[in-house]
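Accompanying notes for the structure given below.
The values are calculated or read from the model by the stated rules, or taken from the named source; none is laboratory data. For clarity, every value in this text was computed on a predicted model and none was experimentally measured. Virtual Cβ from ideal backbone geometry, glycine too; neighbours counted across all protein chains shown. Areas reflect the complete protein model, heavy atoms only, side chains present, ligands, DNA and RNA absent. Shrake-Rupley method; radii C 1.70, N 1.55, O 1.52, S 1.80 Å.
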Amino acid sequence: MAHDHHHHDHGDACNCEHHHEHTHEHEHEHHHEHSLRGQLLLIAATAVLLGAAVWVEHTFSLPAWQLLLVYLIPYLLIGHDTLKEAWEGVTEGDMFNEHFLMAVATIGALAIGFLPGAETQFPEAVFVMLFFQVGELFEGYAEGKSRESIEHLMDIRPDVAHVEEVRGEKPEVRDVSPEEVAVGSIIVVRPGEKVPLDGVVTEGRTTLNTVALTGESMPRSADVGDEVVSGCVNLSGVIHMRTTKDFGESTVSKIIDLVEHASEHKSQSETFITRFSRVYTPIVVIAALLLAIIPTLWTTIQGDTFTVKWIYRALLFLVVSCPCALVLSVPLTFFGGIGGASRRGILIKGANYIDMLAKVDTVVFDKTGTLTHGQFAVEAVHGADEDQAVQEARERQLLHLAAHVEHFSTHPIGAALRDAFPDEATDGCEVTDVEEVAGQGIKARVAGQLVCVGNGKLMDAIGAQWHDCHQTGTIIHIAIDGQYAGHVVINDRIKDDSAEAISRLHRLGVKRTVMLTGDRQEVAAHVAQQLQLSEYHAGLLPADKVAHVERLLADGSVAFVGDGINDAPVLARADVGIAMGGLGSDAAIEAADVVLMDDQPSKIATAISIARRTLGIARQNVVMAIGIKLLVLVLAVVGLATMWLAVFADVGVTVLAVLNAMRTLNNKQ
């Protein structure tokens, strides 16, 4: 069914394509409230006029045509929109929509009164239209609610950027719209303001609230040189930043785009309903015609007097069979699911991915940056002494010396050693004669001692007796004045919630958890064992990852979780691609179907349970709507149904289904 809902401007999930380009969200919300208020007033006015018309009918005995004129006032007041939509449908060749069914049923009910021996059905006709509008009102409200829950994301949309420009002596600050700021401009962000564009802090330090982006309530600190993404709220200090992306490429507008276009990817259940109503509506209209004509002709042929009861039953049949409840509630359920997930920092790019997520039975992970932090850290220090007390003092000494030697190194391992001994810059030790030995390590004099920090080859070169370590990771050996002093084990740290993520997935009934990594075999084995993964494969290139995912796709539904540029092809290939959005590369976020805003792997299980719940609610709605309709249709055919019951079967069920769909908004997993 081309369900182009009423052109209310708060519109269907798809009408909001471009609204954010021109208007701010609060105007939009205001507009939405305004149209709902308008609808409420219309419904109230019609109810009053309908009451008046009923009073007129019972007080004065008017001929049918005059009575029709009285009832036409409320009928046209409430029904003009529906009639217009029905007429547009007919002229555009797409006549089988719910507006058409409503129009035929109500016009038929108005006409019945003019047939010989028939009661007038004027009040019913107006009431059907009135109730239909009440259903629309509910749907508008629910859609507004789910849009609000997605628009809490729009709260991250910054309204203004303060650009600093140097004119003459002192810099001037100009307020411009974020769209106009060029890459490389210096912008000022004051406490309490949203960061309008992605960039790097050039002066000042502050803490940032990232809750709108990640659902994470812990504030993050930002110092000179730190990258800051747009959409965070600056909490404490004034910062100056150099922008690194223009507005269109910034995190904020990417997220807003993703969510706004989420509704374009229809889920299978939604497309099922569109296909269903294309077939269903003509069948219903033809069945109703047959129900009206055949028994009526039959009784007339047999010489009975002409009665309108079969025509009336056929009209009931039309009112009942309108598939509004399905057409409205299923897309709403998915829309609500997407909104509820976004509150948890999980962006699902379309309803069809909710379908897929619910079915996932194999989750494949990239290692670096997904299950691990992607940053090296010192995991252990082993001195070459036996005595315990001497050992601990020696270990601190080793780190101290290694950090000094690595002071100028740009390698991540150097950074890890410096991080492990943060006081090295201030403890006054003198470092001289720094010499880097390519492929081996670094030598330097620290406070007069010659310290060598590097791999086994460097130890061999200076003649130090070194021994290997039984731990996995990168082993850095240290010698002092030619004597072996011990070694440091450096590893990529596993994220705090990676183990919980894997165990939650297994509890949800995911069959396999697989890790694919380009890292060395022993490092991969170490991580896989700690996290209790079902299987792992190491030393892979991006093409190998795709091959592995294709093998897994052959017997199950596969989600791939990754964060790097090299993961983009695999993310696109899997049934559901899940990207880490906090640190992930833009390419990965583009290629993925689901984006986790705070890089927490445990959110994958949350996403799957939200998807399953959403799908469950959609199924309940389908069963409820079809079940009640069938019951009332049977009653209509055997003559036990009234127009009021028919209206309930249509609009009442719609209201129930819409209320049920709204449960998806508050996900309590």
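Looking across region 514-535, the residues that are in contact with a Lys or Arg (Cβ under 8 Å, 6 or more places away or on another chain) and either at pLDDT 85 or above or aromatic (Phe, Trp, Tyr) (or both) come down to MET515, LEU516, THR517, ALA524, VAL527, SER534, GLU535. One residue stands out among those in region 467-493 that are modelled with pLDDT of 85 or more and assigned to a loop (DSSP other than H, G, I, E, B): the one that is farthest from GLN440 (Cα to Cα), which is ASP481. Only one of the listed residues (ILE475, ILE480) is touching a Cys at 6+ places or on another chain (Cβ under 9 Å) and under 24 Å from THR368 (Cβ atoms). That residue is ILE475.
To keep it simple, each residue is scored yes or no on (1) surrounded by 18 or more Cβ atoms within 10 Å (Cβ to Cβ); (2) farther than 30 Å from ARG663 by Cβ.
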| site | (1), (2) |
| --- | --- |
| ALA554 | no, yes |
| GLY581 | yes, no |
| VAL594 | yes, no |
| ILE626 | no, no |
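Here region 503-515 is the region considered, the condition is being assigned to a loop (DSSP other than H, G, I, E, B) and not basic (Lys, Arg), and the residue that is surrounded by the fewest Cβ atoms within 10 Å (Cβ to Cβ) is GLY509.
Of all residues in region 28-83, count the ones that are polar (S, T, N, Q) and closer than 24 Å to VAL319 by Cα. Outline the logic, then answer.
Looking only at region 28-83, we keep the residues that are polar (S, T, N, Q), and these are 35, 39, 46, 59, 61, 66, 82.
Next cut, closer than 24 Å to VAL319 by Cα only: 39, 46, 82.
Number satisfying all stated conditions: 3.
Assess whether TRP310 counts as being free of Cβ contacts under 8 Å to residues at least 24 places away in the same chain and within 21 Å of LEU101 (Cα to Cα). Taking the combined requirement at face value, the residue satisfies it. Across region 89-140, the qualifying residues are those that are touching a residue at least 40 places away in the same chain (Cβ under 8 Å), outside any helix (DSSP H, G or I) and open to solvent by 30 Å² or more (accessible area, probe 1.4 Å), and the one among them that is nearest to TYR71 (Cα to Cα) is THR120. Looking across region 516-552, the residues that are surrounded by fewer than 17 Cβ atoms within 10 Å (Cβ to Cβ) and in contact (Cβ under 8 Å) with a residue 40 or more places away in the chain come down to GLU522, ALA525. Please determine, by comparing only the residues of region 168-213 that are without any contact (Cβ under 8 Å) to a residue 24 or more places away in the chain and in a strand (DSSP E or B), which one is least open to solvent (accessible area, probe 1.4 Å). Looking at residues that are without any contact (Cβ under 8 Å) to a residue 24 or more places away in the chain and in a strand (DSSP E or B), I get VAL176. Out of curiosity, is ASP355 among the acidic types (Asp, Glu) and more than 28 Å from PHE138 (Cβ to Cβ)? So ASP355 fails the test. Counted as qualifying within region 321-410 are the helices (runs of 4 or more DSSP H) with 2 or more residues that are open to solvent by less than 10 Å² (accessible area, probe 1.4 Å), at pLDDT 85 or above and closer than 17 Å to VAL453 by Cα, namely 388-405. Taking the numbered list (1) under 21 Å from LYS367 (Cβ atoms); (2) open to solvent by 50 Å² or more (accessible area, probe 1.4 Å) in turn, THR474 passes all entries but (2).
With the structure loaded, tell me whether ALA86 is without any contact (Cβ under 8 Å) to a residue 60 or more places away in the chain, assigned to a helix (DSSP H, G or I) and under 29 Å from ILE283 (Cα atoms) or whether it fails that test. For ALA86, the condition - without any contact (Cβ under 8 Å) to a residue 60 or more places away in the chain, assigned to a helix (DSSP H, G or I) and under 29 Å from ILE283 (Cα atoms) - is met.
Each residue in region 489-506 was checked for being touching a residue at least 60 places away in the same chain (Cβ under 8 Å) and farther than 20 Å from HIS537 by Cα, and 5 pass.
Note on region 256-296: residues that are modelled with pLDDT of 65 or more and either over 23 Å from ALA358 (Cα atoms) or not in a helix (DSSP H, G or I) (or both) total 23.
Checking GLY486, GLY454 one by one, the residue that is of a type in the set (Gly, Ala, Ser), under 30 Å from CYS429 (Cα atoms) and free of Cβ contacts under 8 Å to residues at least 60 places away in the same chain is GLY454 and no other. Residues that are under 28 Å from the mean Cα position of the chain (by Cα) and of a type outside the set (A, V, I, L, M) within region 535-550 comprise PRO542, LYS545, HIS548, GLU550, listed in sequence order. Residues of region 430-466 that are assigned to a loop (DSSP other than H, G, I, E, B) and open to solvent by 40 Å² or more (accessible area, probe 1.4 Å): GLU430, ALA438, GLY439, GLN440, ALA447, GLY448, ASN455, GLY463, GLN465, TRP466. Residues in region 227-244 that are at pLDDT 90 or above and closer than 19 Å to GLU179 by Cβ: MET241, ARG242, THR243, THR244.
In the list ALA479, ALA415, which residue meets the criterion of being in contact with a helix residue (DSSP H, G or I) (Cβ under 9 Å, 6 or more places away or on another chain), farther than 20 Å from ALA377 by Cα and open to solvent by less than 60 Å² (accessible area, probe 1.4 Å)?
Checking each option against the conditions leaves just ALA479.
Scanning region 530-547 for residues that are outside any helix (DSSP H, G or I) and closer than 17 Å to PHE560 by Cβ yields LEU533, SER534, GLU535, TYR536, HIS537, ALA538, LEU540, LEU541.
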